[in-house]
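Peer 1: Here it is, the structure in full.
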Amino acid sequence: MSAHSKPVQKKDHFAFYMDLLGHDVLNNNQAVLSYLELIAATPGVDKKVKAFAEKAVSHVRTSTVLIDNVKRLIASRDIEPEKLKPIDLVKSVERAESDLRRHFPAKRIRFETPAMPKSATVLGNNHASDLVLNVFITAVRLNPGDDIVLSVTLAEERFRGKPAWTMRVEDKNAQLPPFLDGEGVSATYSQDISTAVKTTGVLFAKMLAESLGGDFEARSLYHDPKRRGALFTVILRRGEKL
Amino acid sequence: MTSVLIVDDELFIVELYRDILQLRGYKVVGTAFDGEEALKKYGDTQEKPDVIIMDHRMPIMNGVEATKQIIRMNPRQKVIFVSADVLVEKEARDAGAVEFLPKPFRMDDLIEKMQKVSLSET
């Protein structure tokens, strides 16, 4: 039996199409990605060509993540926060660190993780890991440099009167669009689409964090549009220790 | 030389696997574009491939079902399951796949799985 031979309800047509589209784009990206890797790995390839191929790899990977995000957001409409299973945020951060380096092979990425707890259980299934990786990718995409330093801290705090874990990611060279400085991420909805396109990553993080019963915010470190620096804050509900 | 059967409904993905694997010294002994064709080719071949690379979403018969039936024919057959649907990993492993590779994968990840599976005991 084919994987898609079940009848599809009309209300699910949109999700069905997005799933197919996502799958199709992903397959094509896979081919581009692998051929670029083959070019970069060809013996005797010019250094510059290799660097161009590595940059292209990052863009293909980002495009894959973007299309995946659309699929995830559609799936997130069915998330029931009270049914989410616990996951260790520390492990999600560790995994996302190595994924991020693979994602951007042309950039030199360093993590500063002072005083990381042994574990930080949050409610979020694998969505929480997706969220962490997306916040890291967003930070790198907003940083115009090739040397990236991400400072990550986890703190046990309260959110809406309930126990939560807060992850703060600071990048002193990331540049947020100035309109985020006032109302925060929600301000994106009132922007022209040509301006808002810079914030697909932060919007995704906001929507996913909210659907997990938590929150996300992105702020400039300095209230001065001439200075770079951004702080990304993810709040997720605390879960029972694993 | 390790022999491979590639099963995927996208021609360009089949060609991609072939390009990567041949470059790294593997022998592609066959290709199939859906699970049913894979079963037929597998059943008709005297000399079974060392490894099968199996996609999931395919017309007529999906990868999980094809893996189940191939393992039923030959419980020692090594299948590497490759799919963009990470949620299908458990089903694929339950069906008998020895490795699961989520898309998009890096070329080195595929080769690493190939080496691991080729060297493992049957």
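The values are calculated or read from the model by the stated rules, or taken from the named source; none is laboratory data. Not measured: the values here are computed from a predicted model. Neighbour counts are summed over all protein chains in view; Cβ atoms, including those assigned to glycine, are modelled from backbone coordinates with ideal geometry. For accessibility, only protein heavy atoms count, side chains too; no ligands or nucleic acids. Shrake-Rupley method; radii C 1.70, N 1.55, O 1.52, S 1.80 Å.
Peer 1: Using a cut-off of 20 Å between alpha-carbon atoms, which aspartates and glutamates can reach B:Lys41, once sequence neighbours fewer than 8 places away in the same chain are excluded?
Peer 2: List returned: B:Asp8, B:Asp9, B:Glu10, B:Glu15, B:Asp50, B:Asp55, B:Glu65.
Peer 1: Classify the range A:56-173 as rounded, prolate or oblate, taking a ≥ b ≥ c as the square roots of the eigenvalues of its Cα gyration tensor: rounded when a/c is under 1.5, otherwise prolate if a/b is larger than b/c and oblate if not.
Peer 2: On the way: a/c = 2.23, a/b = 1.27, b/c = 1.76.
Oblate is the answer for the range A:56-173, as a/c is 1.5 or above yet b/c matches or exceeds a/b.
Peer 1: When chain A is treated as a GNM, springs tying every alpha-carbon pair under 10 Å, which of A:Ser98, A:Ser190, A:Ser129 comes out with the largest mean-square fluctuation?
Peer 2: For chain A, modelled as a Gaussian network with Cα springs under 10 Å, the answer is A:Ser190.
Peer 1: Compare each residue of the range B:1-49 in its chain alone against the assembly with all protein chains, and report those whose accessible area goes down by 50 Å² or more; 1.4 Å probe, heavy atoms.
Peer 2: B:Phe12, B:Leu16
Peer 1: 7 Å from Cα along Cα→Cβ at both B:Lys41 and A:Tyr17: what's the point-to-point distance in nm?
Peer 2: 3.4
Peer 1: Take the alpha-carbon positions of the range B:7-105, form their convex hull, and give its projected area averaged over all directions (one quarter of the hull surface) in nm². Could you put the intermediate results ahead of the total?
Peer 2: Numbers: hull surface 23.0 nm².
Mean orientational projected area (the range B:7-105, Cα hull): 5.7 nm².
Peer 1: Projecting each Cα onto the charge dipole of the protein assembly as shown (Lys/Arg +1, Asp/Glu -1 at the beta carbon, about the Cα centre), which of B:Val64, B:Met114, A:Ser220 comes out farthest on the positive side?
Peer 2: Checking the options against the dipole of the protein assembly as shown, the answer is A:Ser220.
Peer 1: On to the next question. Give me the net charge of A:Ala120's neighbourhood, meaning all other residues with Cβ under 10 Å from the Cβ of A:Ala120; Lys, Arg count +1, Asp, Glu -1.
Peer 2: Overall, the nearby charge balance is +2.
Peer 1: How would you order B:6-12, A:229-235 from highest to lowest mean count of nearby Cβ atoms within 10 Å?
Peer 2: Sorting B:6-12, A:229-235 by mean packing, highest first, produces A:229-235, B:6-12.
Peer 1: Mind checking the mean number of beta-carbon atoms from other chains within 10 Å of the Cβ atoms in A:24-30?
Peer 2: That works out to 5 on average.
Peer 1: I want the local charge near A:Lys71. Using Cβ-Cβ distances under 11 Å, sum +1 for each Lys or Arg and -1 for each Asp or Glu among the other residues.
Peer 2: -3
Peer 1: Okay, moving on. Looking at chain B as a GNM with Cα springs under 10 Å, which of B:Ala95, B:Ala66, B:Ala84 has the largest mean-square fluctuation?
Peer 2: Evaluated over chain B, the most mobile residue of the options is B:Ala84.
Peer 1: By how many nm would the segment from A:Tyr189 to A:Arg101 grow when fully extended, if each residue of separation counts as 0.36 nm and the alpha-carbon distance is taken off? Let's see the in-between values first.
Peer 2: Numbers: separation 88, 0.36 × 88 = 31.68 nm, distance 3.11 nm.
Additional length available on full extension: 28.6 nm.
Peer 1: Here's a follow-up. Pick out, in residue order, every one of the trypsin sites (Lys or Arg not before Pro) in the range A:21-86 that is DSSP loop and has at most 11 other C-beta atoms within 10 Å; say none if there are none.
Peer 2: Hits after loop and neighbour filter: A:Arg77.
Peer 1: Related question: Kindly provide the GluC sites (Glu not before Pro) of the range B:54-121 that DSSP labels as loop, not H, G, I, E or B, and whose Cβ sees at most 10 other Cβ atoms within 10 Å.
Peer 2: On the way: sites: B:Glu65, B:Glu89, B:Glu91, B:Glu99, B:Glu112, B:Glu121; in loops: B:Glu121.
Loop-located and lightly packed - B:Glu121.
Peer 1: Would you grab the residues whose amide H sits under 5 Å from the one on A:Gly239? Only those 5+ places off in sequence or on another chain, please, with H modelled 1.01 Å from N.
Peer 2: Result for A:Gly239 returns A:Thr121, A:Val122, A:Leu123.
Peer 1: Can I ask one more? Ignoring ligands, DNA and RNA, what percent of the accessible area of the range A:134-242 is carbon or sulfur (1.4 Å)?
Peer 2: The nonpolar share, carbon plus sulfur, comes to 50 percent.
Peer 1: Among the lysines, which fall within straight-line cross-link reach of B:Lys116, defined as a Cα-Cα distance under 23 Å, with same-chain neighbours fewer than 8 residues apart omitted?
Peer 2: B:Lys27, B:Lys48, B:Lys68, B:Lys78, B:Lys90, B:Lys103
Peer 1: Now a separate question. Can you spot the lysines whose alpha carbon is less than 19 Å from A:Lys47's alpha carbon? Ignore those fewer than 8 places along the same chain.
Peer 2: Cross-link targets: A:Lys55, A:Lys107.
Peer 1: Okay, helix-only estimate at 222 nm for chain A: each DSSP H run of n ≥ 4 adds -39500 (n - 2.57), divide by all residues, round to 500 deg cm²/dmol; what do you get? If you can, show how the numbers build up before the last one.
Peer 2: Working: 7 runs with 109 residues, N = 242.
Rounded to the nearest 500, it is -15000 deg cm²/dmol.
Peer 1: Which chymotrypsin sites (Phe, Trp or Tyr not before Pro) from the range A:176-230 combine a DSSP loop assignment with at most 13 other Cβ atoms within 10 Å?
Peer 2: Here the sparse-neighbourhood loop sites are A:Tyr222.
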